[in-house]
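**Student:** One structure follows; several queries about it will come next.
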Amino acid sequence: MKNTRGIILILSVLLTVFVALSCIDKRTFTSPPGYDLNNPVKYFMTDNLTEISGIAFRHGKPDSIYAEQDEEGKVYYFKLGDKKPAHSRFGKPGDFEDIAILNDQVVMLRSDGVLFVFPFNQVRSAEILAVQKLNDILPTGEYEGLFADERSNQLYVLCKHCNVDNTRKTNTGYIFRVAHDGSVKQSGQFVVSVKDIEAKLDGSKIAFHPSAFAKNQNTNEWYIVSSVNKIIVVTDANFKVKNVYPIDPALFIQPEGIAFDNQNNLYISNEGSKTAAGTIYKFNYKK
C-alpha cells in the first residue's frame, strides 16, 4: 500500500511539472498592432552568416535582403531562402554591427562608430573599391543601431553605450544627411528616455542597450530592439516612448538587426552560435 501511495505521489509530482512546463512552452508575449511576435516565418542562415547582425532592403523591396556579419568586411545579398548568399568585400575584418542603404549609397556601421560608405552600384562586384571611411563623425562609444530614412534622406545612428550617456537614463542618437557623392554631414540629434522605458515596464530599473532600430513607415513609429534587455521599444516619430514589448528569450536568442519591407512586413535577424544557425524571422503584417 505504501509503495502504491509512493508511486501515486511521484506520478502526481511529475504531472504537475509536466503541466507547468507545458504552460511555459505555450506562453505568449504581447505584440505591436499588426504583428504576432510569437509566430515568425523562420529562415535559417548558412554558416557564413551565423553571426548575422544588421539587415536592410533597398527601397523596401523584399526581393533582395542586404546584410553583414560582425567579423568580416563583407556585404551579403540574397533572397530569403537562398542556399548560398553572395557577397562583396568592402574592407578589412572588423566588428561591423549594422547596414543601411540610402538612395545610391550603402553605409556600414562599425561598433566604434566608424562609418564605411560606398556606392550601391558596386555591391555586386567581387571587390568594392570606392569606399569612404569616416572616423571622427560620431562621439566615442559603442554603436549597433543604424537606419536610413529615404523619405527624409537622412541617416540615423543610435548609441548602445556612449560616453555622453548614462544608459540608465538616456541613449543619444545622431542624424546625418548623405550626399550623392557619399559625403556625410550631421543634421541633428535625438534622445531615447530610459526612464520612459522603465515606466512601461512597471518601473523595473534597467540599463538600456539597443542593438538595432528601424522606422515603420506605415505608422511613422520607430522600433528599437535590444538583445540584452530582450525588449522591443516602440516610439513615435520624435522618439518619445509609446510602448515596450518584452520578447521571448527562447525565440529571440540574440536579435541584432531589424527592418521593414514596403509591404509593412517586419524582419528581425538573430545571431547564431556554435550549435545554432543564425536566423531571419519574418513577421507578416496583418491589418
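**Student:** Out of residues 5 or more away from Ile231 or on other chains, whose amide H comes under 5 Å of its own, with H placed 1.01 Å from N in the peptide plane?
**Tutor:** Ser226, Ile247
**Student:** Place +1 on the Cβ of every Lys and Arg and -1 on the Cβ of every Asp and Glu in segment 75-136, take the dipole about the Cα centre, and give the residue among Leu134, Phe78, Met108 whose Cα lies farthest towards its positive end.
**Tutor:** Final value for the positive-end residue is Phe78.
**Student:** Another one. Using +1 at the Cβ of each Lys and Arg and -1 at the Cβ of each Asp and Glu in segment 30-283, identify which of Gly203, Gly94, Asn153 lies farthest towards the dipole's positive end.
**Tutor:** Asn153
**Student:** Here is a follow-up. With charges set only on the Cβ (+1 for Lys and Arg, -1 for Asp and Glu), what does the dipole of the chain come to about its Cα centre, in debye to the nearest 20?
**Tutor:** For this selection, approximately 900 debye.
**Student:** Counting just the Cα atoms, what span does the chain cover along each of its three principal axes? Round to the nearest Å and put the largest first.
**Tutor:** 86, 43, 37
**Student:** Additional query: State which entries of Lys205/Lys242; Lys79/Lys133; Lys195/Lys274; Lys74/Lys160; Lys74/Lys282 exceed 25 angstrom in Cα-Cα distance in the structure shown.
**Tutor:** Result: Lys79/Lys133; Lys195/Lys274 exceed 25 Å.
**Student:** Here's another thing I want to ask about it. Near the amide H of Ile258, under 5 Å away, which other amide H atoms are found, from residues 5 or more places off or on another chain, if H is placed in the peptide plane?
**Tutor:** Amide H neighbours of Ile258, under 5 Å, 5+ apart: Ile55, Phe213, Ser269.
**Student:** Give the relative contact order (percent, whole number) for segment 30-283; include only Cα pairs under 8 Å separated by 6+ residues.
**Tutor:** 19
**Student:** Follow-up question, since we're still on this one. Mind checking which of Leu251, Ser227, Gln186 is farthest towards the positive end of segment 132-265's charge dipole, using Cβ charges of +1 (Lys, Arg) and -1 (Asp, Glu) about the Cα centre?
**Tutor:** Highest projection toward the positive end goes to Gln186.
**Student:** Which aspartates and glutamates have a Cα less than 14 Å from the Cα of Lys215, not counting those fewer than 8 places away in the same chain?
**Tutor:** Leaving aside aspartates and glutamates fewer than 8 places away in the same chain, those within reach of Lys215 are Asp149, Glu150, Asp236, Asp261.
**Student:** Okay, next question. First check a/c for segment 216-287, with a ≥ b ≥ c the square roots of the eigenvalues of its C-alpha gyration tensor; if it is under 1.5, answer rounded, and if not, answer prolate when a/b is larger than b/c or oblate otherwise.
**Tutor:** Because a/c hits 1.5 or more and a/b fails to exceed b/c, segment 216-287 counts as oblate.
Every number here is computed from the coordinates shown, using simple stated rules; none is lab data. Predicted model, so just to flag it, every value in this text is computed and none were measured. Note that each Cβ is placed from the backbone with ideal geometry, even for glycine, and that neighbours are counted across all protein chains shown.
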